[in-house]
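The values are calculated or read from the model by the stated rules, or taken from the named source; none is laboratory data. Keep in mind that what you see is a predicted model, and the values were worked out from it rather than measured. We place every Cβ from the backbone using ideal geometry, glycine too, and count neighbours over all the protein chains shown.
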Amino acid sequence: MKIIILGAGQVGRTLAENLANDANDVTMVDQDAGYLKDLQDRLDIRTVKGHACLPNILASAGAEDADMLVAVTNSDEINMVACQIAKTMFQTPTIISRIREHQYLLKRDALFRDEPRAFPIDVIISPEKLVTAHVQRLIENPTALQVLDFAKGKVQLVAVTACHGGPLVGKPVSDLRSHMPNVDTRVAAIFRNNKAIVPSGKTHIHVDDEVFFIAAKADISKVMSELRRLEKPYKRIMIAGGGNIGARLADNLRKDFRVKVIERGLERCERLADLLEDVIVLHGSASDKELLVEENIESTDVFCALTNDDEANIMASMLAKRLGVRTVMTLISNPAYVDLIEDGTIDIAISPQQTTISSLLTHVRRGDIVNVHSLRRGAAEAIEVVAHGDGKTSKVVGRSLADIKLPEGTSFGAIVRGEEVLIAHHDTVINNDDHCILFLTDRHMIHDVERLFAVTIGFF
């Protein structure tokens, strides 16, 4: 595909790396010559220096024959105007834009959907909404490293670290069935010492393995209990940062949890206090030891550092952990910082870039792919793809999983057929319109998966 990316920030650069490595024709537009030079030195892409919403700059980037334009500059307004120009002047087929401002999202239908659309944007990506949902799933599943929804939440893929005391730890994967005869689940992948293992029934689970398993949403906690001792559900949540993400998360959690929000800005505090019922809003710094002690940080279950300052998030999280909080989740935008804090001080580092990239990749992949989740900082992927065709026009429909030759490092996790969840087994047969969930330990195999699910011309 020929894809134009507007904005060479963290998300734009990460997206360019993903797409260039997948052999797409990528052009990056930005005003920062330094960012563009760095990208050109590392990747096989074109770059255009200039203001992203000027018609002549878009023309120079090749908007006339581009298949897709992705606007991820730091300005919602520039993104919106650039999308409008690309669609109306150059008839770019697919337009994707990142929109952050909550007021624009509140008027989503009037601005972006209802005809005639003020801004003809095909797909809107809201990082704050995506990150909020990601953190909320982690809070609802204590001890999980990652919780990913498929088939509108019917199926979840969960990553968890295997610990001493888990009934399945030290035993083969095949023991899952005898341990839980009434629960159907599948171990999709195991990462041991950062190396991927596609497990068979004979594969033993070791302490400290990062285990990815898939199951129906209702069975997730039962499977987790096989890999480590289950912790008590979280009750008390403290959020550092009352910005868009912090406020949205507090609003989503307030009915089921006791929530406190710490915010530095007095005016913002007063506004949050008016907006958020049943939430305690505190004016102060999350790095203030006296404030944390006064608010009983040692009896808090989860401390979420969600400001837009990486350093402030890391320092506040380390302090909270030292003062006795049970679990720390920290928003970190700079990928270089993630390596520095992987010493156990911070329990879960949340990358807004990876969360956003996953959503963007869903719309870039070929074929009827309805969900993409980028895992382990882009090394692996989990995808949901819809199978189409019949025994003559498809390489998968009408065949059992045992008869389908998958690319190396790829495994089936589950099949969703209407409302029914079928965990993948060797004798499971794929039907037309089944939603197939696959795990790729090597994301570079995605094109082989796309070709596998492509239908022949006879289907049409």
Checked against (1) modelled with pLDDT of 90 or more; (2) crowded, with 17+ Cβ neighbours inside 10 Å, LYS37 satisfies every condition except (2)
When restricted to ILE3, ILE96, the only residue buried (at least 16 other Cβ atoms within 10 Å of the Cβ), touching a His at 6+ places or on another chain (Cβ under 7 Å) and touching a residue at least 60 places away in the same chain (Cβ under 8 Å) is ILE96
Failed condition for ALA218, given (1) loosely packed, with under 15 Cβ neighbours inside 10 Å; (2) aliphatic (A, V, I, L, M); (3) modelled with pLDDT of 95 or more:
(3)
Within the stretch 1-19, track down each residue that is modelled with pLDDT under 85 and over 20 Å from the mean Cα position of the chain (by Cα).
MET1
Taking the condition in contact with a Ser or Thr (Cβ under 6 Å, 6 or more places away or on another chain), surrounded by 15 or more Cβ atoms within 10 Å (Cβ to Cβ) and either acidic (Asp, Glu) or not assigned by TED's automatic domain parsing to the domain that holds ILE99 (or both), does LEU440 pass?
yes
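Helices (runs of 4 or more DSSP H) wholly in the stretch 1-73 with at least 3 residues that are closer than 25 Å to ASN308 by Cα - which ones? Explain how you work it out, then say what you get.
Numbers: elements: 10-21, 33-42, 55-60.
In the stretch 1-73, 10-21, 33-42 are the helices (runs of 4 or more DSSP H) which contain 3 or more residues that are closer than 25 Å to ASN308 by Cα.
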Condition test on GLY170, is it part of a loop (DSSP other than H, G, I, E, B), of a type outside the set (Val, Ile, Thr), farther than 22 Å from ILE346 by Cα and in contact with a Lys or Arg (Cβ under 6 Å, 6 or more places away or on another chain)?
no
Criterion first (assigned by TED's automatic domain parsing to the domain that holds GLN103 and touching a strand residue (DSSP E or B) at 6+ places or on another chain (Cβ under 9 Å)) does PHE119 satisfy it?
yes
Could you go through the stretch 399-419 and let me know if any residue there is in a helix (DSSP H, G or I) and either crowded, with 22+ Cβ neighbours inside 10 Å or touching a residue at least 40 places away in the same chain (Cβ under 8 Å) (or both).
no
Take the residues of the stretch 251-305 that are in contact (Cβ under 8 Å) with a residue 12 or more places away in the chain and small (Gly, Ala, Ser): which is nearest to ILE332 (Cα to Cα)?
ALA305
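Residues to consider are ASP65, ASP25; find the one that is surrounded by fewer than 21 Cβ atoms within 10 Å (Cβ to Cβ) and closer than 30 Å to ALA379 by Cα.
On the way: ASP65 fails: closer than 30 Å to ALA379 by Cα.
The match here is ASP25.
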Determine whether the stretch 137-145 contains at least one residue that is outside the structural domain of GLY243 (by TED's automatic domain parsing) and in a strand (DSSP E or B).
yes
Breaking point among (1) without any contact (Cβ under 8 Å) to a residue 24 or more places away in the chain; (2) part of a loop (DSSP other than H, G, I, E, B), for ASN308
(1)
Do any helices (runs of 4 or more DSSP H) lying entirely in the stretch 173-271 carry at least 3 residues that are among the hydrophobic types (A, V, I, L, M, F, W, C), and which ones are they?
220-227, 244-253
Considering the stretch 40-61, residues that are charged (D, E, K, R) and surrounded by 14 or more Cβ atoms within 10 Å (Cβ to Cβ), and then whichever is farthest from ILE3 (Cα to Cα), we arrive at LYS49
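Take the conditions assigned to a helix (DSSP H, G or I) and in contact with a Leu (Cβ under 9 Å, 6 or more places away or on another chain) and apply them to ILE446. Does it pass?
On the way: assigned to a helix (DSSP H, G or I): yes; in contact with a Leu (Cβ under 9 Å, 6 or more places away or on another chain): yes.
Yes.
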Looking across the stretch 155-189 at residues that are surrounded by fewer than 18 Cβ atoms within 10 Å (Cβ to Cβ) and under 28 Å from the mean Cα position of the chain (by Cα), the single one that is nearest to THR327 (Cα to Cα) is THR161
Filter the stretch 342-367 for residues that are buried (at least 16 other Cβ atoms within 10 Å of the Cβ), assigned to a loop (DSSP other than H, G, I, E, B) and more than 10 Å from the chain's Cα centre (by Cα); which is modelled with the lowest pLDDT?
GLY367
Of all residues in the stretch 156-172, which are within 16 Å of LYS202 (Cβ to Cβ) and hydrophobic (A, V, I, L, M, F, W, C)?
LEU168, VAL169
Among ALA59, ALA33, the single one that is touching a residue at least 12 places away in the same chain (Cβ under 8 Å), under 21 Å from ASN334 (Cα atoms) and either not assigned by TED's automatic domain parsing to the domain that holds PRO93 or not hydroxyl-bearing (Ser, Thr, Tyr) (or both) is ALA33
Checking SER285 against (1) within 12 Å of GLY241 (Cβ to Cβ); (2) out of contact with any Gly (no Cβ under 9 Å at 6 or more places or on another chain); (3) in a strand (DSSP E or B), which single condition isn't satisfied?
(3)
